[in-house]
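What follows is calculated from the coordinates using simple rules that are stated; it is not laboratory data. Computed from a prediction, not measured in an experiment: that's the story for all the values here. Cβ: placed from backbone, ideal geometry, glycine included. Neighbour counts: every protein chain shown.
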């Protein structure tokens, strides 16, 4: 097994890669495309290590959490769309992951809460551990 970092085609700032690069051919694994061919469909694509792409994505995922006002109707719509993935008091994680953390692979969920008669949604998804820490669950 090689110690060389795995390379990929990706657009900096995008959440997903375009494709992994075959180390034998230097082309995309899926369709055998060159960087120029990849750029025709994904302008701005670059060659980068998969590790660098994941680290940049994780940095975007780990931004400080903010609470954004939402309506009572939206709160109950999201509460009832699926059984919550977790619920502590009037806070809950929507029942299906929004995405997964780029470095840990842990699922992250949209979060909603009711506080002092007002309704809020999280500015970004959160993992179970962050939810439990924030709302006092064990």
### Task
Read through the list (1) in a helix (DSSP H, G or I); (2) in contact with a strand residue (DSSP E or B) (Cβ under 8 Å, 6 or more places away or on another chain); (3) within 24 Å of residue 15 (Cβ to Cβ), then give the number of the only condition that residue 68 fails.
(1)
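Scan region 95-111 and give yes if some residue there is part of a loop (DSSP other than H, G, I, E, B) and farther than 26 Å from residue 53 by Cα, otherwise no. Before you say what the answer is, go through the steps one by one.
Filtering region 95-111 down to residues part of a loop (DSSP other than H, G, I, E, B) leaves 95-98, 101-106, 110.
From what's left, farther than 26 Å from residue 53 by Cα: 95.
Yes, region 95-111 contains at least one residue that is part of a loop (DSSP other than H, G, I, E, B) and farther than 26 Å from residue 53 by Cα.
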## Note on the structure
Conditions (1) under 30 Å from residue 121 (Cα atoms); (2) without any contact (Cβ under 8 Å) to a residue 24 or more places away in the chain; (3) within 21 Å of the chain's Cα centre (by Cα) -> residue 78 fails only (2)
## Note on the structure
Listed by first then second residue, the pairs whose first member lies in region 18-29 and is at negative phi, whose partner is exposed (fewer than 15 other Cβ atoms within 10 Å of the Cβ) and outside any loop (DSSP other than H, G, I, E, B), with beta carbons under 7 Å and at least 6 positions apart or on separate chains, are 21/47
### Task
Taking residue 45 as the residue in question, decide whether it is surrounded by 13 or more Cβ atoms within 10 Å (Cβ to Cβ), free of Cβ contacts under 8 Å to residues at least 60 places away in the same chain and in contact with a helix residue (DSSP H, G or I) (Cβ under 8 Å, 6 or more places away or on another chain).
yes
### All positions within region 69-103 that are under 18 Å from residue 132 (Cβ atoms) and in contact with a helix residue (DSSP H, G or I) (Cβ under 8 Å, 6 or more places away or on another chain)
85, 86, 88, 89, 91, 92, 93, 94, 95, 101
### Scope region 95-138; condition closer than 14 Å to residue 70 by Cβ, touching a strand residue (DSSP E or B) at 6+ places or on another chain (Cβ under 7 Å) and surrounded by fewer than 17 Cβ atoms within 10 Å (Cβ to Cβ); matching residues
118, 123
### Query
Is at least one residue of region 44-59 in a loop (DSSP other than H, G, I, E, B) and on the phi < 0 side of the Ramachandran plot?
yes
### Query
Of all the residues that make up region 78-94, how many are in a helix (DSSP H, G or I) and surrounded by 13 or more Cβ atoms within 10 Å (Cβ to Cβ)?
2
